[in-house]
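Peer 1: Sharing a structure, written as structure tokens. Questions coming.
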Amino acid sequence: MGVLLVLAERSGEVVSKNTLLQNVWQDTFVTEDVLVRSISELRKVFEDDPRQARIIQTIHKTGYRLLVPVRWVNGSAAAIAVSSNKPKPDAPKKASSLARNSKLIFGIAVLLFAFTGWTSYQHFRSSHGRARPKIRLLVLPFENLSGDPEQDFFADGITEEMITQVSNLRPNQLGVIARVSAMRYKQHKLNLSDVQRELKVDYLLEGSVRRSGDKVRITAQLIELQDQSPVWAQSYDRELRDVLSVQANVAEAVARAVRLNVPTAGEVALASHPTPSPEGYDSYLQGQYHLHRYMRDDPQKALLYFQKALTTDPDFAAAHVGLATCYMASAFDEVPPTDAMPKAEAETLRALELDPGSATAHAILAEVNLRYHWDWPGAEREARRALELNPNLLDAHDAFSDLLLLMGKDQEALVERQRTLELDPFWPEMSIEMGNLLECLQRYDEAIAAFRHAVELDPQFENQVHWSLGEVYGRKGMFKEHVEEWVAALRGTGQQARADKMAQLYTAKGYTVAMNFFLETAVQRRLARQSRGEYVDPLGIAEIYVQLGDRRQALVYLNRAYQQRSYGLAFFLHENASLAGEQEFTELVHRIGLPLPGQR
């Protein structure tokens, strides 16, 4: 339907494949095969021969063209009439006339159905809170004018706080691009036309920060992108302790400028919360700065700064949320979840005592329920509450997508995952998460496209993507590519000798021998780390034994993963239906309350 409408809007013109893909599948990773199938289905409807096209012409290596005239009936809300005046050469005149009239009527019917279906779908998305908000805004990184690079953390922190403030104002009316995509423009030269095209935003909020001791000067300007003109600007000279009120003032001004229903004074984010001390707020911003540099910094830095903020201001709710985030992240592969997750939960609950309206805290609690307690109703309750408080919160959509996948609601999970891409389109991790979901749904070509897109966004993710691509190629039976990707991943992590050996074995003895070498050495390396007292997630070892075909050992380590409440256990059980015949596997699935394959 979407392909037909795009072609109809440009009747007689060549429409490139890229244009069709971008217009019809805006938020989904698809290959050209999907487009080819759509064109094929349309040709069947119109009985159109691609070799002697009368309706849709293929332009080699470029795109497609709708050959027949198009008439919009009764404006854009009625139908599109398509007619073809070329009868078949061997048909009698009367039959030819009847065929033409039938084609015209059928064309109108098909296109009316297409238009009605498309608009109904958009209405469905809107009524369920999944349509793109009417107004979209990007907060650009605030410029550090202090003349001191050490104050970059402060400017970045103000940027992130402004994103949070504006997002919380009228989340159902205003969509705000999330942090990672916003911070991208700190490194890239700004072109307003490119920003509008890339992110489809209506407004930009830009500004600068100049800090001297406890004095702060903040300037902010709102630009409407349609005509690239400023619609509001203001400067604020304040004490450091008044920075939060400045952020609230800017958020209110933005709401007025874009003609939203302006919140009352009591609704402005943080307005009723205790104001942290300048020292506490400074430490909090330092924590946020290092938290978001996790691929470049020691993660302990963020944790220490949040702890320092709470030493100064124990009732600072946002600092409790930051600390909870650090603890939860460490449970992935640094410390046993049984140590880290209770700390994350305690900090989150304290944050909610201090600020029951913290959408981020509810989203973290959803993750704790999902990955640690395996409390599915609790996870859903907290994720939905986070989305009620802030539909723009990426973390809430992320958690909800994971939950829906585990409950077997694949398409709903995909909608939530697409929403994360819409909110933060330039965050590589969201592309990787989309790839993981598409892989689970066995949409392998789309998964490959998603993984590759992550590397395009940030080459630092190349090694992580090598592992993911290798796994997908293995599932597709593309064994040469599987080995190549994992050899590249080994080299990227400095394991040159192991990479060379794997490549040599593949050339000399084939895929199975090469993969067994990789898996056996992987187990040895993990067990060696464990013997040195390092934490090694038993789930990772179980996964290797599954691939080696050693089910007995796999179940031994799966039970250890259950005892330690491994971060990804539920997802492993969800994906490995091949073990469903094992009694211990089935018992394990029952113990965590996960629906068995076929029951979802």
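FYI, it's all coordinate maths here, none of it is from the lab. Keep in mind it's a predicted model, so treat the numbers as computed, not measured. Reconstructed Cβ throughout: ideal geometry from the backbone, glycine too, with neighbour counts over all protein chains shown.
Peer 1: What's the exposure ranking of Cys440, Cys326, going from fewest to most Cβ atoms within 10 Å?
Peer 2: Listed from fewest to most nearby Cβ atoms, that is Cys440, Cys326.
Peer 1: Find, to one decimal place in angstroms, the Kirkwood hydrodynamic radius of region 132-272, where the mean of 1/r is taken over every pair of different Cα atoms and then inverted.
Peer 2: Value: 15.2 Å, from the Cα pair sum.
Peer 1: Quick check: Cα centre of region 354-396 to Cα centre of region 499-514, how many Å?
Peer 2: 46 Å
Peer 1: According to a simple spin-label model (label point 7 Å from Cα along Cα-to-Cβ), what is the distance in nm between Thr521 and Asn23?
Peer 2: 5.2 nm
Peer 1: Another question about this same structure. Could the peptides 443-449, 283-289 be put in order, highest first, of the mean number of other beta-carbon atoms found within 10 Å of their residues?
Peer 2: 283-289, 443-449
Peer 1: Explain nothing, just compute: Karplus ³J(HN,Hα) = 6.51 cos²θ - 1.76 cosθ + 1.60, θ = phi - 60°, for every residue of region 421-427 in order, whole Hz, x for Gly and Pro.
Peer 2: 5, 5, 6, 9, x, 9, 8
Peer 1: Can you list the residues, at least 5 places off or on another chain, whose amide H is less than 5 Å from the amide H of Val139, using H built in the peptide plane?
Peer 2: Ile177, Leu205
Peer 1: Would you work out the charge dipole size for region 357-426 about its Cα centre, treating the Cβ of every Lys and Arg as +1 and the Cβ of every Asp and Glu as -1, and quote it to the nearest 20 debye?
Peer 2: 120 debye
Peer 1: Mind pulling the per residue volume of the convex hull built on the Cα atoms of region 465-600? Å³ is fine.
Peer 2: 122 Å³
Peer 1: Once you sort the root eigenvalues of the Cα gyration tensor of region 314-446 as a ≥ b ≥ c, which label holds: rounded (a/c under 1.5), prolate (a/b larger than b/c) or oblate (the other case)?
Peer 2: Prolate.
Peer 1: Based on the alpha-carbon gyration tensor of region 400-555 and its eigenvalue square roots a ≥ b ≥ c, which shape applies: rounded if a/c is under 1.5, prolate if not and a/b is larger than b/c, or oblate?
Peer 2: prolate
Peer 1: Quick one: grab the alpha carbon gyration tensor of region 357-426, order the square roots of its eigenvalues as a ≥ b ≥ c, and give me rounded if a/c is under 1.5, else prolate or oblate depending on whether a/b is larger than b/c.
Peer 2: oblate
Peer 1: Testing the spin-label approximation: label points 7 Å from Cα along Cα→Cβ at Glu239 and Ile59. State their distance in nm.
Peer 2: 6.6 nm
Peer 1: If the only charges are +1 at each Lys and Arg Cβ and -1 at each Asp and Glu Cβ, what is the size of the charge dipole of region 132-272 around the Cα centre, to the nearest 20 debye?
Peer 2: Magnitude of the dipole: close to 460 debye.
Peer 1: If you don't mind, there's one more thing I want to ask. When averaged across all projection directions, what area in nm² does the alpha-carbon convex hull of region 191-236 cover?
Peer 2: Computing the convex hull of the Cα atoms and averaging its projections yields 3.7 nm².
Peer 1: Please give the peptides 334-343, 379-388 ranked by average Cβ packing (other Cβ atoms within 10 Å per residue), highest first, as a rough proxy for protection.
Peer 2: In descending order of packing, they fall as 379-388, 334-343.
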